[in-house]
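One structure below.
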Amino acid sequence: MFKYTFSIVLSILFTSAVAQNTTGYWQQHADYTMEVDFDDKTYQYDGEQTLVYTNNSPDTLQRVFYHMYYNAFQPGSEMDVRSRTIKDPDARVKDRISKLDEDEIGFMRAKSLIQDGKALNYNLVGTVLEVELHHPILPGETSTLEMQFTGQVPVQIRRSGRNNAEGVELSMTQWYPKMAEYDFEGWHADPYIGREFHGVWGDFDVKITIDKDFILGGSGYLQNPNEIGYGYEDDGVNVKRRGQTLTWHFIAPKVHDFTWAADKEYLHDKLIANDGTTLHFLYKNNPDIIDNWKNLQPKTVGLLDFFNEHIGPYPYDQYSVIQGGDGGMEYAMCTLITGERAFGSLVGVTAHELAHAWFQHVLATDEAQHEWMDEGFTSYISGLAMNQVMESGKDNPTARSYKGYVSLANSGFEQPQTTHADRYQYNQAYGTSAYSKGAVFLGQLGYLIGEENLQNTLKRYYDEWKFKHPTPNDFIRVAEKVSGAELSWYLNDWTRTTNTIDYGIEKVSTDEQNTIITLERIGLTPMPLEVKVDYKGGTSEMFYIPLRIIRWQKPNAGKIIEDWPWAYPTYMLEIPTAQYSIEKIEIDPSGYMADVDRENNVVTLDEEK
Ligand SMILES: [Zn+2]
C-alpha cells in the first residue's frame with residue numbers, strides 16, 4: 001500500500017518537473033568579477049575575469065562562446081567588409097575600419113582560460129571566442145570560468161572607442177569578453193557587425209585601475225566614492241587622491257551588460273529625481289554646451305517620471321547620462337550620447353536612450369532578431385514623453401513614424417521585421433523597419449484595442465517580463481489577456497510579412513432613403529474600420545466595423561455595425577439617410593491605422609446631389 005502510494009507521488013512529481021522543463025521559462029545566469037589595468041598611453045588594458053555561469057537550461061552544454069567585440073575594428077573584419085559592401089553604408093563607418101593602423105585598431109584576446117581549475121582550449125574566430133569546455137555544464141549546474149585577457153581600444157568609429165569627434169577620450173562599450181546568450185533557441189554567438197545585442201542576465205563587480213586624472217561614469221554603483229571624489233563623494237568629505245592611479249570599484253546588480261566612459265575634462269552633476277533615483281550627468285567642460293546640459297537635467301527628471309508612470313518603476317537607484325560615443329546608445333543604467341546638439345535634440349536623444357532603460361535593459365528582448373521591439377517601443381514611448389515634457393502639443397506624436405513606415409512600404413525595399421538586424425539589404429530599410437514600423441506597431445495596437453488597453457498592456461508586460469528576455473509572442477499574449485481580443489494575426493501580418501493595409505471607398509450609391517457606401521479591402525492585412533460620416537448641418541457619426549477574426553469589439557469606438565470577414569474584398573455600409581444629406585465620408589480619420597494609401601480613404605460628396 002505504502003509502496004503503491006509512493007510511486008504515484010513520485011510519478012506526479014516527475015511529470016510536473018518535466019512539464020516545467022519543457023514549457024516553463026528559463027534563462028541563463030552569469031556573474032562577472034573583473035579587474036582591469038588601463039594604460040592610457042597605449043590605450044591597451046589587461047584584465048582578469050571570473051565568470052560564474054549557471055546553466056538553467058534543460059540542456060547539457062559542451063561548449064560556450066564569448067563575444068570579443070573589439071576585434072571588429074580591424075581591416076578585413078566582417079564589420080569592415082559589410083560596411084564597404086552594403087549599398088547605403090553608415091556615414092560614421094564607411095571604409096574607416098579598413099584604414100586603421102596597428103596602433104589604432106581594436107583587439108581583444110584571451111591569454112588563458114580555466115574552467116573550475118582546468119585549462120581550456122579555445123579558438124578566436126573574428127569577434128567570437130569558441131571554447132571547448134573541459135567538462136560539460138549539466139542542467140542546473142554552475143561552473144566558474146577564469147580568463148586573463150588583453151585589449152586595445154580602437155579609434156572611435158561606431159559606438160565604442162577613443163577620442164570621439166567631440167573629444168571624449170574613452171567610450172568603453174562592448175569592451176570585455178562577454179558570454180554569448182544561450183536561450184530557448186540555442187546559442188546566439190553572432191559576429192559583431194556593429195549593430196544589436198543580446199546578453200546574459202547577471203551581477204557585475206568591476207574594478208578599473210586608471211590614471212588618477214580620469215573621471216568615469218557608467219553602469220553600476222561606485223563602491224569607493226570617498227576615495228575617488230570628482231563629485232561622487234559624500235557631502236563634506238575632503239578627498240585626497242594619492243599615487244598616479246585610482247581604482248574605481250563598481251557593482252551593477254541584475255544587468256546584462258557593463259559600460260563605462262572616461263575623460264579628464266568631464267563636468268559631473270548629480271541630481272536626485274522625484275522617485276529617488278540619483279541622476280548623474282557627465283559632459284565636457286565646453287562653454288558651448290554647458291547651458292544645454294544644465295537645462296537637460298530637470299527635463300530628464302520629467303522623462304523619468306513619465307516612463308515610471310506609463311511603463312513601470314525604474315528598478316535601479318542610479319542612471320547616468322554621459323557624453324561619449326557617436327549619436328546615442330543605451331547601456332545598463334546609463335547612456336552614451338553625443339553632446340554638441342541643439343537643446344531639443346539633446347533632450348530627444350536622452351528621452352530615447354532613457355526609454356531603452358525599460359525596453360532593452362529591463363525588458364531584454366533579443367535585439368538582433370526583434371530589433372523592432374526595443375527600437376520601436378522606445379521610439380513610441382519617448383515620442384509621448386517628449387510631447388509632455390517639451391509641451392509640444394502634438395495630436396499624434398507617432399505621426400512621423402507612420403509617415404516613415406508608409407514611405408518604406410511603398411518603396412519596394414521593405415523586408416519583414418523578422419529579418420536579422422544585420423541582414424537588411426539597406427541600412428535605411430533596417431532603420432525604418434525597426435524604429436518607425438516598430439513604433440507604429442504600438443500606435444496601431446492602440447487603434448485595435450483602444451488606448452486604455454494599450455497602456456495597461458505596457459504596464460502588465462513590464463510587470464510580467466522585467467529582468468527577462470521577452471519575445472514578440474510574449475508581448476502579444478499580454479495584449480490579448482489585457483484586452484480579450486485575438487491578436488496573433490496582427491503580430492503575424494505586421495512583423496513577419498510585408499503585407500500592407502489599404503482600405504478605400506470604392507463607391508457611394510443611393511436609393512430613395514438609404515446611402516450605400518461600398519468599402520474595399522485592397523491590401524492583404526485586415527483591420528477593423530472606423531468610418532466617419534459628416535452630415536450637412538455640422539453633425540457627424542462614427543461607424544465601427546469590427547474585424548471578425550479579432551472576435552472582440554473595441555469599447556467606445558462608435559456605432560457598432562456588422563463585422564467584416566476579412567476574406568471578403570468588399571463591404572456594404574448602409575446608412576439610413578439619403579445621400580444629399582451627407583457631406584463627407586472618411587475611413588480612419590484618427591490616422592492611427594497605417595493605411596499605405598490615404599487618397600482613397602476620403603470621399604467628399606458633390607453638393608448638387
Ligand atoms: Zn534606440
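The values are calculated or read from the model by the stated rules, or taken from the named source; none is laboratory data. Treat the numbers as computed from the prediction; the structure is a model and nothing was measured. Here Cβ is always computed from backbone atoms with ideal geometry, including for glycine, and neighbour counts include all displayed protein chains. Accessible surface is based on the protein model in full, side chains and every heavy atom, while ligands, DNA and RNA are left aside. Shrake-Rupley method; radii C 1.70, N 1.55, O 1.52, S 1.80 Å.
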Long-range neighbours under 6 Å by Cβ, at least six apart or interchain, first residue closer than 9 Å to Val155 by Cβ within segment 92-104, second open to solvent by less than 90 Å² (accessible area, probe 1.4 Å) and part of a loop (DSSP other than H, G, I, E, B): Arg96/Ile157
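Quick check on this structure: which one of Tyr571, Tyr490 is surrounded by 18 or more Cβ atoms within 10 Å (Cβ to Cβ) and under 36 Å from the mean Cα position of the chain (by Cα)?
Details: Tyr571 fails: under 36 Å from the mean Cα position of the chain (by Cα).
Just one listed residue meets the conditions, Tyr490.
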Mind checking which residues of segment 584-609 are in contact with a Lys or Arg (Cβ under 6 Å, 6 or more places away or on another chain) and buried (at least 17 other Cβ atoms within 10 Å of the Cβ)? Glu586
Across segment 553-566, which residue is most open to solvent (accessible area, probe 1.4 Å) among those that are out of contact with any helix residue (DSSP H, G or I) (no Cβ under 7 Å at 6 or more places or on another chain) and in a loop (DSSP other than H, G, I, E, B)? Asn556
Has segment 456-473 got any residue that is buried (at least 19 other Cβ atoms within 10 Å of the Cβ), free of Cβ contacts under 8 Å to residues at least 40 places away in the same chain and out of contact with any strand residue (DSSP E or B) (no Cβ under 6 Å at 6 or more places or on another chain)? yes
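Report yes if some residue within segment 351-362 is more than 14 Å from the ligand (Cβ to nearest atom) and touching a strand residue (DSSP E or B) at 6+ places or on another chain (Cβ under 8 Å); otherwise report no.
No.
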Tally up the residues in segment 308-330 that are open to solvent by less than 10 Å² (accessible area, probe 1.4 Å), within 16 Å of the ligand (Cβ to nearest atom) and either hydroxyl-bearing (Ser, Thr, Tyr) or at pLDDT below 95 (or both), please. 2
